[in-house]
Amino acid sequence: MYNIAKGMNEKEIDDYVDFVLKNMSLEDKVKQMVGNGINVKVLFDLGFGKRVYDAAGSEKYNIPPLKFTDGPRGVIIPGSTCFPVSMARGASWDVDLEERVGDVIGKEVRAHGGNLFGGVCINNLRHPSWGRAQETYGEDTFLIGELGAALVRGVQKHNVMATAKHFAANSIEKSRFKVNVKMDERTLREVYLPHFRRCVEVGCATVMSAYNKFRGKFCGHNDYLLRKILKDEWNFQGFVHSDWVYGVKDTLGGIIGGLDVEMPRAKYYKFKKIEEALQDGKISVSMIDQAAGRVMRTILRYTTKEDPQIYEPKLIGCDEHRQVALEAAEKCMVLLKNENDVLPLDKKKIVKLGIFGKLARIRNTGDHGSSNVNTKKVITPLKGIREYVGDNIEILYEDGRNVQNVKNTAKEVDAAIVFVGLTYKDEGEYIHELRIGGDRENLSLHKDHIELIKLIAEQNDNCIVVLIGGSAIVMEEWKNQVPAILMAWYSGMEGGKALAKIIFGEVNPSGKLPFTIPIDPKHLPFFKANIDEIEYGYYHGYTLFEKEGYEPAFPFGFGLSYTTFDYSNLQVDVNEGKIIANVDVNNVGTLAGDEIVQLYIGFENSQIERPLKLLKGFSRVSLKPNKKKNIKIEVPTKNLAWFNPKSKSWEVEKIKYTLFMGSSSKNEDLLSIQFNIEN
Ligand code: BGC
């Protein structure tokens, strides 16, 4: 009976876990509910994330332990493949690619000896100041949900349990341990939860509770979120583990709230404390059985599945995996401005190329918090461009400190590329012990970066600004003075190579913004880094801009290409619970390229207050010059529903809707057609 066999089916696993629960001591059950111990000091002394961290498991009953590692930029254990950050991958709008990123991550987790990947970060980007913006996919719940679900699918192919985090409403870094986030029920259901539900729908094995409070209760104690919504309504079968160290505040809160595992060590889920609570009748044995049962069942579901392959250490950071990181970097960069076709640069015409700014030559792959992938093998922009042009073009590099040198060089070169933006010092997970990261106080560039841009733009008409960062950067002070702007993000270990290919036109840029960039930060929702309580409203990002009639600097979904796509012949059909949309996309330019076709739905004569439109579908398409493709996107009618807080249910209004399809969220970039939903 203690034999665990590969290929056990769910029923066999359930029966086995029932048997274990009947026989296991209380102490051993409690062991299923805790990490196997890490002291915070040791964590930082040894260097966080250098190995997998154990939790749960029972030798006696043949239940393997959980072996946790983090992400989402890749597996954080040294040597792993370092991808562009999630926000960059959000800008690729490429579900298939994200699944392949997950596939690589899954393989590397296994090759490192892990089985639990804590890196599906899907919090909604309510405000670009959020320090951890780079770890999620954008400001729109549909986009986040599709990409998060793709990452889950990819990772779990390799029998690695994925964790969707941080559940829920976690999007202010500096106050993450204390802030109480309030919101009404529609906002919760329609804006802050659908992406989590999407990941649960595709079978995400585990969920990590957030540090913050939701409606007055810590998320790790929040029975409404954990028990009522996640476990009861969504029928989530896996287990919930806490965010680390500070995610549980007391024994009763966690157990009653529905938090199954305290990570990374037992503080409040110590056997003695749980035994006491049981003796006092404050919790029940069935609560312990449920939590331990969920953990053991989930572990067995993944560890008894046949593996699709063998996971040897040589897989970690291998060439094939780096290739996926390169593809992601190529597909994520967003061309925001390109006047007079300054880009791409012509390799045959440029004799001298100026590269400016410190950020051109540092390994800048994102923040230094729990998502930091430890690798030295990073192709910086300067290295990438140098290797790409070889001896054919003379590269003149200036870090920007010597103004006269900058001026002279800028004057002398045929084109000037300026690297400006952010590093882990400006934004990221706030690690108190190391005093790094945190939210951004200012959404503009640093003053010296702005001065550098202006200085160079005065000397050289071919001034190309490359922005590095994890979310929106306000550009009003300088954007009209330069002809070209490329958002290059923290683009991972292959970023410099991808950038060179884009600059010289070997790759046509195709990324589209996963968030709105404002002209004026005043147009964004209220944000304060150090705050005890905040109300999240229904609107942020493009829905807020459209509601208020604010003009963005660059709208959600926007991105240029070196070619031009023309949209025509939009059609819509409503049939058998689906809205079926078709549009012709034609590459009318001279270069091959990828277009991201976006589908939005507007609610014409709704009886309730709704956004002007919402993203409900998208598709990436590759087109050669003069080639046309018909793009079909289907939207299940149920996806048009709103959450009626009175009836506590999702309802599809029987009204007239507008379907928009095109190249960005801006109405001028969209074709539209109306349709009705009756009965
Ligand atoms: C972060 C989580 C992370 C955990 C373990 C926490 O501080 O908020 O995102 O998974 O540490 O590394």
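For this structure, a couple of remarks:
- Pairs from Lys377/Lys425; Lys314/Lys377; Lys67/Lys217; Lys29/Lys273; Lys213/Lys666 whose Cα-Cα separation, in the structure shown, is over 25 Å: Lys67/Lys217; Lys213/Lys666
- A simple spin-label model places the labels of Asp250 and Val588 6.7 nm from each other, with each point 7 Å out along Cα-to-Cβ.
- Remark: segment 326-554 carries a charge dipole of roughly 820 debye about the Cα centre, counting +1 on each Lys and Arg Cβ and -1 on each Asp and Glu Cβ.
- Extension reserve of the Thr564-Phe177 stretch, reckoned as 0.36 nm per residue once the Cα distance is removed: 134.6 nm
- Charges were assigned to the Cβ only: +1 to each Lys and Arg, -1 to each Asp and Glu. The resulting dipole of the chain about its Cα centre is roughly 1120 debye.
- Other residues lying with their Cβ under 13 Å from the Cβ of Gly602 contribute a combined charge of +2, Lys and Arg counting +1, Asp and Glu -1.
- Selection from Leu524, Ala292, Gly366 lying farthest towards where the dipole of the chain points positive, charges on Cβ: Ala292
- With distances taken between every two different alpha-carbon atoms, segment 326-554 has a Kirkwood hydrodynamic radius of 18.5 Å.
- Among the cysteines of the chain, those with no neighbouring cysteine Cβ under 4.7 Å are Cys82, Cys121, Cys219, Cys318, Cys332, Cys463.
- The residue list Asn180, Pro194, Asn159 was ranked by how far each Cα lies along the charge dipole of segment 10-314 toward its positive end, using unit charges on Cβ atoms, and Asn180 comes out on top.
- Computed from point charges on the beta carbon alone (+1 for Lys and Arg, -1 for Asp and Glu), the dipole magnitude for segment 10-314 about its Cα centre is near 880 Debye.
- Nearest 10 degrees, 0 to 90: helix 141-156 Cα axis against the chain principal axis: 60
- The C-alpha atoms of the chain define a longest principal axis, and helix 95-111 lies at about 50 degrees to it.
- The long axis of helix 447-459 is offset from the longest Cα principal axis of the chain by roughly 30 degrees.
- Which listed pairs, of Lys407/Lys512; Lys231/Lys270; Lys613/Lys654, have C-alpha distances above 21 Å, in listed order: Lys407/Lys512; Lys231/Lys270
- The relative contact order of the chain, computed from alpha carbon pairs under 8 Å that lie at least 6 residues apart in sequence, is 15 percent.
- Summarising the label geometry, the points placed 7 Å from Cα in the beta-carbon direction at Glu275 and Glu27 lie 0.7 nm from one another.
- Estimated distance in nm for a label pair at Ile395 and Ser672, the labels positioned 7 Å out from Cα along Cα-to-Cβ: 4.7
- Multiplying the residue separation of Gln571 and Asn626 by 0.36 nm and removing their Cα-Cα distance gives an extension gain of 17.6 nm.
- When the helices of the chain are scored as -39500 (n - 2.57) per DSSP H run of n ≥ 4 and the total is divided over every residue, the value at 222 nm lands at -7500 deg cm²/dmol.
- Taken over the Cα atoms of the chain, the convex hull encloses 154 Å³ per residue.
- Taking segment 615-651 and a reference point 7 angstrom along Cα→Cβ of Arg215, the backbone N atoms nearer than 16 Å belong to 643-650.
- Think of segment 326-554 as a dipole: +1 on every Lys or Arg Cβ, -1 on every Asp or Glu Cβ, centred on the Cα centre; then among Cys463, Ala415, Ala328, Ala415 lies furthest on the positive end.
- Stretching the chain fully between Lys454 and Lys528 yields a gain of 23.6 nm (0.36 nm per residue, less the alpha carbon separation).
- Computed over neighbours whose Cβ is under 11 Å from that of Met333, the net charge equals +2, Lys and Arg +1, Asp and Glu -1.
- Residues of the chain were split at every exposed loop site, defined as GluC sites (Glu not before Pro) in a DSSP loop with at most 14 other C-beta atoms within 10 angstrom, and the longest piece left, sites excluded, is 60-305.
- Pairs from the table (Lys107/Lys267; Lys60/Lys305; Lys348/Lys454) lying more than 29 angstrom apart at Cα are Lys107/Lys267.
Read the figures in this text as sums done on the coordinates, not as results from a lab. Source: prediction; values computed, not measured. No Cβ is skipped: glycine too gets one built from the backbone with ideal geometry, and neighbour counts run over all protein chains shown.
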